[in-house]
Amino acid sequence: MKPRVLQLNPILVPAINDQLASLYEVHKFFELKDPQAWLQAFGPGTQAVITGGHTGISRAMLEQLPQLKVVAVNGVGTDAVDLTYCRARGLPVTATLGALTEDVADLAIGLLIAVCRQLLPGDRFVRDGLWPRFPQPSAIPLARRFSGMHIGIVGLGRVGRAVATRASAFGCRISYTDLRAMSDAPYHFVPSLVELARAADALVLCAAADSAQGIVNAEVLQALGPEGYLINVARGRLVDEDALSEAIAHERIAGAGLDVFVDEPQVPLVLRGSDKVALQAHRASATWETRAAMGQMVLDSLAQALAGQRPAMSLTT
Ligand code: 8YV
């Protein structure tokens, strides 16, 4: 009999789904008509869970899966899983560490260039046929240069460092804040987020959200100022979204590039309505290359855990 696996989010790479289906009895939670009835009937024999970084798994659901041998997060953020509880239970929680670094950093740079060069309003201007009606260059205001900007990175982990490498290639000055200075990083450490925001032209959020919440608040946005940009490819909850909406509405910052939101898939109206904001639907890791690599890591974690080994990517055991 194949081991029973509960999958909480779709996986978009057919080859990964094929392998999962050939090895396991996969139950797709998001397709179930009566999820609670399923948990009662099949929860006890379930050996593995696959979930997304943003979705995680609730403690209540974990308690309904007493024979679980692994929670494989198809992502790098584990803030939506109660790691303390899993650690106490001896339950491996794995992540796809390193698989999505490059793509997330690429999107951060893409979003920053999109907002400071006004790529989306420019695209609409052409697409909507406005150019022939307003042929003078004055129809679109001048943009801001990205090359040479002072970039403030919030969280100098894998993604933060990959953003720094890319921005450095554009001649950008890099400063960062984190819980502590990193002696191996050639960038300027600023202990205070407010000070970093004051100094930088753009803040790029790359921090884990396990304990940080609402750290980009009205004070930080005020410090970033009317010439400053905010980019978030980490977690929505790092930002006080009401304060951000206010700052955008009243032009207290120059713009924002956002891939993540507090209450996905809900995005505040002000952010959706502003030309100063570039939006994505939590897609920083959504390339074939990265999702295939992530899927392979999930397969590896399941195989290791179900063979009684400690999964190499376990964060809790
Ligand atoms: C993914 C993420 O969109 O890695 C994470 O923590 O949030 C994203 O890369 C998600 O995990 C895909 O399931």
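Its DSSP H runs of at least 4 residues, each contributing -39,500 (n - 2.57), put the calculated 222 nm mean residue ellipticity of the chain at -10500 deg cm²/dmol, to the nearest 500.
DSSP bridge analysis restricted to the chain gives an antiparallel fraction near 5%, rounded to the nearest 5. GNM on the chain, C-alpha springs below 10 Å: top fluctuator among HIS188, HIS27, HIS250? The residue that fluctuates most here is HIS250. Qualifying chymotrypsin sites (Phe, Trp or Tyr not before Pro) in region 213-292, where qualification requires a DSSP coil assignment and no more than 14 other C-beta atoms within 10 Å, are lacking entirely.
Here's the list of lysines a cross-link from LYS2 could span, going by alpha-carbon distance under 22 Å and ignoring same-chain residues fewer than 8 apart: LYS28, LYS69.
Just checking the listed ones, ASP300, ASP34, ASP201: in the Gaussian network model of the chain with Cα springs under 10 Å, the one fluctuating most is ASP34. The stretch between ASP123 and ALA281, if pulled fully straight at 0.36 nm per residue, gains 55.0 nm over its current Cα-Cα span.
Of all the options PHE189, PHE29, PHE125, the one that moves most in a Gaussian network model of the chain with Cα springs shorter than 10 angstrom is PHE125. Distant-in-sequence amide contacts of THR96, defined by a placed amide H-H separation under 5 Å and a gap of 5 or more residues or a different chain, comprise GLY75, VAL76.
Every pair of different Cα atoms in region 101-279 enters the Kirkwood calculation, which places the hydrodynamic radius at 16.4 Å. Per residue, region 195-315 exposes 45 Å² of accessible surface when a 1.4 Å probe is rolled over the protein heavy atoms with every protein chain present. The figure for LEU306 is an accessible area of roughly 40 square angstrom, using a 1.4 Å probe on the protein chains alone.
Once Rg and the Kirkwood radius are both taken over the C-alpha atoms of region 164-270, their ratio Rg/Rh works out to 0.96.
Computed over protein heavy atoms with a 1.4 Å probe, the carbon and sulfur contribution to the accessible area of the chain reaches 54%.
Got the relative contact order for the chain handy, in percent, Cα pairs under 8 Å and 6 or more residues apart? Once normalised by length, the contact order is 19 percent.
The values are calculated or read from the model by the stated rules, or taken from the named source; none is laboratory data. This is a predicted model, so every value here is computed, not measured. Every residue, glycine as well, gets a Cβ built from its backbone with ideal geometry; the counts of neighbours run over all protein chains shown. All accessible areas refer to the heavy atoms of the entire protein, side chains included, with ligands and DNA or RNA removed. Shrake-Rupley method; radii C 1.70, N 1.55, O 1.52, S 1.80 Å.
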